[in-house]
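These notes are about the structure you will find just below.
What follows is calculated from the coordinates using simple rules that are stated; it is not laboratory data. It should be emphasised that the depicted structure is a prediction, and the values quoted were computed from it without experimental measurement. FYI the Cβ positions are ideal-geometry reconstructions off the backbone, even for glycines, and counts take in every protein chain you see.
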Amino acid sequence: MIAYPNPKDPDDWRFLFMQRGTRGTPLYRGRFHVVPSFMFQPCDVTGFDPNSLYYNILREFGEEVLDLDEERIRKEPNYLPAQPIFKDFRDDLDSGRIGIIYTGTTMNLLDLRPDICSVLVFTDYQLYEKRHGDWKITLTEFDPTEIGKQSGEKQRRYKYFSLKKAESDFVDLFPPHNITPPGAGAMWLAIQYLKDKRPEDIRELLQRKSIV
């Protein structure tokens, strides 16, 4: 999932989430979920270690957040690294302006499937605003929303919630029938990790390494 500083409160964070598609989505149709997300399992990706959690996060970011071609990512080893928008993302990671933080593991008790959870943290709101404008959340897995009744134009439906509000009102914000189990677990672990940390705390941590 993705977190960034709340521009209205320096001691708060915001988290992005979206609503899964109601068509063509095999699991949890219409429920809220974190972005990006994926089933961590070995897959045939040319030129990369399929068991690398780090690479899988980068791959899914390219597919779900940047809406890059999934088939080309899997079959052409130079396709993803060559995309200018992805290069900016890697530069931000390498510089410590954003980081991938592993927050823990959850277990869905209905199917006994573990989920490895992490949060992609932006430490600067201006950087988030700059990069966010280039994102094109894939319509394959997430529903669009209409802009205006006349135009019929569609866009990706970004939503966000405040950490401070979510910690006290989580069940009210995300009742069980409205959110995916993996999404709920990832959100809660991210809230617990970031609730006592300010952007400068994360920035200092990421100066040492971009993956925590």
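So here's what we get for this one:
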{"quantity": "Formal net charge of residues neighbouring PHE15 (Cβ-Cβ distance under 12 Å; K, R +1; D, E -1)", "calculated": "+3"}
{"quantity": "Size descriptor, Kirkwood hydrodynamic radius, that averages inverse alpha-carbon separations across segment 58-106, Å", "calculated": "11.8 Å"}
{"quantity": "Charge tally in the Cβ shell below 10 Å around ARG59, where Lys, Arg are +1 and Asp, Glu are -1, ARG59 excluded", "calculated": "-3"}
{"quantity": "Footprinting exposure proxy for ARG31, ARG90 (fewest neighbouring C-beta atoms within 10 Å first)", "calculated": "ARG90, ARG31"}
